[in-house]
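Report on one structure; see the data block that follows.
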Amino acid sequence: MSDAIHLTMLKAAERGIVRGFAPGDAHYRRRLMAMGLTPGTAFTVTRLAPLGDPIQIEVRNSALTLRKDEAMMLRIDRLA
């Protein structure tokens, strides 16, 4: 796999897998993990707001909406 990227770099209908988290606020990391975004978890970007905030993803058969600052905490790999 290539170097990890930010979730904000994906477009609608693209798939990714969580690789890890950016250094920073531990509260956001715990919140993301509680929502099911743990390393190794695959997801699909389902919707993007016109200005890119918020981002809706489908993960583990659930729809999650993340603000841009939360999405920036995720390090992901793009899936083909």
(request) Please state the charge dipole magnitude for the chain, taken about the Cα centre, from unit charges on C-beta atoms (+1 on K and R, -1 on D and E), reported in debye and rounded to the nearest 20. (result) 120 debye
(request) Specify the residue with the greatest mean-square fluctuation among PRO54, PRO39, PRO23, computed from a Gaussian network of the chain linking alpha-carbon atoms under 10 Å apart. (result) PRO23
(message) Quick check: residue separation of ARG60 and ILE17 times 0.36 nm, minus the Cα distance between them. What number comes out in nm?
(response) 14.3 nm
(request) Of the options MET9, LEU79, THR38, report the single residue whose Cα projects farthest towards the positive end of the charge dipole of the chain (beta-carbon charges: Lys, Arg +1; Asp, Glu -1). (result) THR38
(message) For a quick check of understanding: with a 1.4 angstrom probe and all protein chains in place, what accessible area in square angstrom does THR46 have, to the nearest ten?
(response) 60 Å²
(request) In whole Å, largest first, what are the principal axis extents of the Cα atoms in the chain? (result) 28, 26, 23
(request) Give, as a single signed number, the net charge of other residues whose beta carbon lies under 15 Å from the beta carbon of ALA13, with Lys and Arg counted +1 and Asp and Glu -1. (result) +2
(message) Using only the alpha-carbon atoms of segment 37-80 as identical scatterers, what base-10 log of I(q)/I(0) does the Debye formula give at q = 0.26, 0.33 Å⁻¹?
(response) -1.06, -1.37
(message) Out of the total accessible area of the chain (probe 1.4 Å, heavy atoms of protein only), what percent is carbon and sulfur?
(response) 53 percent
(request) Could you work out the local net charge near LEU79, counting Lys and Arg as +1, Asp and Glu as -1, over the other residues with Cβ closer than 15 Å to its Cβ? (result) +1
(request) For every other residue with a beta carbon closer than 13 angstrom to the beta carbon of PRO39, add +1 if it is Lys or Arg and -1 if Asp or Glu, then tell me the sum. (result) +2
(request) Enter the accessible area per residue of the chain (Å², integer; probe 1.4 Å; all protein chains in place). (result) 60 Å²
(message) Of the candidates ASP53, ASP69, ASP25, which one comes out as most mobile in a Gaussian network treatment of the chain with C-alpha springs shorter than 10 Å?
(response) ASP25
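The values are calculated or read from the model by the stated rules, or taken from the named source; none is laboratory data. Because the structure is a prediction, the values reported are computed rather than measured. Note that each Cβ is placed from the backbone with ideal geometry, even for glycine, and that neighbours are counted across all protein chains shown. Note: accessible area is taken over every heavy atom of the protein model, side chains too, but ligands, DNA and RNA are not part of it. Shrake-Rupley method; radii C 1.70, N 1.55, O 1.52, S 1.80 Å.
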